[in-house]
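Notes follow the structure.
The values are calculated or read from the model by the stated rules, or taken from the named source; none is laboratory data. Fair warning: this is a prediction, and the values are worked out from it, not measured in the lab. Using ideal geometry, Cβ is built from the backbone for each residue, glycine included, and neighbour counts are taken over all protein chains shown. Calculation scope for accessible area: heavy atoms of the full protein, side chains included, ligands and nucleic acids excluded. Shrake-Rupley method; radii C 1.70, N 1.55, O 1.52, S 1.80 Å.
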Amino acid sequence: MQTTMNEGLLVVISGPAGSGKSTVINNIISNASEFVYSVSVTTREPREGEIHGKHYYFIDVDNYKKRIELDDFLEYEEYAGNYYGTPKSDIMNHLAEGRNVILEIEVKGAMNIKSKYPDAVLIFLLPPDYRTLEKRLRKRGSESEEKILKRLEIAKWEFEYYYKYDYLVVNNHPETAAGEILNIVKTEKLRIKRNNIFYENFYNLGDKT
């Protein structure tokens with residue numbers, strides 16, 4: 001898949017739990033109408049305030065496996081004992097219509113996306129330091145100490161993959177981080193490899209009178 005200027009970009013945002021991905025993405029979606037958020041499917045239980053169909057599609061394991069058999073996922077992985085998948089058809093339609101699609105997925109899923117769709121833009125989001133990450137996780141108040149420690153261990157493993165991403169954004173403030181991601185996408189849309197068709201049509205774009 002090679003994106004042209006008129007097609008949308010597939011933007012993958014990853015980062016450890018507590019990096020602020022959801023807050024940053026919400027800021028982008030609220031302020032840039034050309035972006036849409038791809039709602040993932042998961043088998044985990046919803047957290048307080050999460051809405052089915054908005055934050056995730058919450059399904060059971062049996063239904064999840066059926067969707068795998070139907071080739072309904074762009075990618076799917078297990079993460080922290082739960083299963084996650086990225087629905088395929090809606091994403092392809094949005095891209096063809098010129099919308100930029102944001103995927104919030106973990107590292108393994110991002111690597112799968114990159115292998116299948118090398119034109120995707122991968123962004124790794126991090127808090128300013130490890131201490132801030134731990135503080136944010138504990139502030140949630142929604143998980144046991146055991147799960148928090150597990151997420152912190154996973155975060156150390158995830159950090160080893162940051163060099164495989166295209167961009168690193170440090171989330172000191174969600175609004176600033178969102179602005180940096182918007183700038184990244186604007187720059188990516190201007191890259192020569194995405195605009196070969198402009199060159200091919202250049203002499204046909206002017207007034208033919």
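Observations on the structure shown:
- Computed label-point distance, nm, for sites LYS156 and GLU175 using a 7 Å Cα→Cβ extension: 3.7
- Sequence-distant residues sharing a close amide H with ALA80 (under 5 Å, placed H): none
- FRET efficiency, 1/(1 + (r/R0)^6) with R0 30 Å, evaluated for GLU200 and ILE51 via beta carbons: 0.10
- Residue by residue, region 110-115 carries 3J(HN,Hα) couplings of 5, 5, 5, 4, 4, 5 Hz when phi is fed to the Karplus relation 6.51 cos²θ - 1.76 cosθ + 1.60 (θ = phi - 60°); x denotes Gly or Pro.
- With both residues required to sit in region 1-135, DSSP beta bridges show an antiparallel share near 35%.
- Whole-Å semi-axes of region 49-155's equivalent ellipsoid (Cα gyration tensor): 27, 19, 14
- For the chain, the relative contact order works out to 34 percent when only alpha carbon pairs closer than 8 Å and six or more residues apart are counted.
- Each residue of region 157-163 was assigned a 3J(HN,Hα) from its phi angle through the Karplus expression (A = 6.51, B = -1.76, C = 1.60, θ = phi - 60°), giving 5, 4, 4, 5, 9, 4, 5 Hz with x at Gly and Pro.
- Here the Karplus curve 6.51 cos²θ - 1.76 cosθ + 1.60, taken at θ = phi - 60°, turns the phi angles of region 126-132 into couplings of 9, x, x, 6, 5, 5, 5 Hz, with x standing for Gly and Pro.
- Carbon and sulfur %, accessible surface of region 66-187 computed with the full protein complex present, 1.4 Å: 50
- The slack between THR187 and ASP166, meaning 0.36 nm per residue of separation minus the straight C-alpha distance, is 6.3 nm.
- Rolling a 1.4 Å probe over the protein heavy atoms leaves ASP60 with an accessible area of roughly 80 Å².
- Calculated translational diffusion coefficient of the chain (10 °C, 1.306 mPa s; Stokes-Einstein with Kirkwood radius over alpha-carbon pairs) equals 87 µm²/s.
- The charge dipole of the chain, taken about its Cα centre with unit charges on the Cβ atoms of Lys, Arg (+1), Asp and Glu (-1) only, comes to about 380 debye.
- Antiparallel bridge percentage (DSSP; both residues within region 76-209; nearest 5): 50
- Amide proton proximity set for TYR57, modelled H, under 5 Å, gap of 5+: SER40, VAL41, THR42
- 10 Å beta-carbon shell around VAL24, net charge (K/R +1, D/E -1): -2
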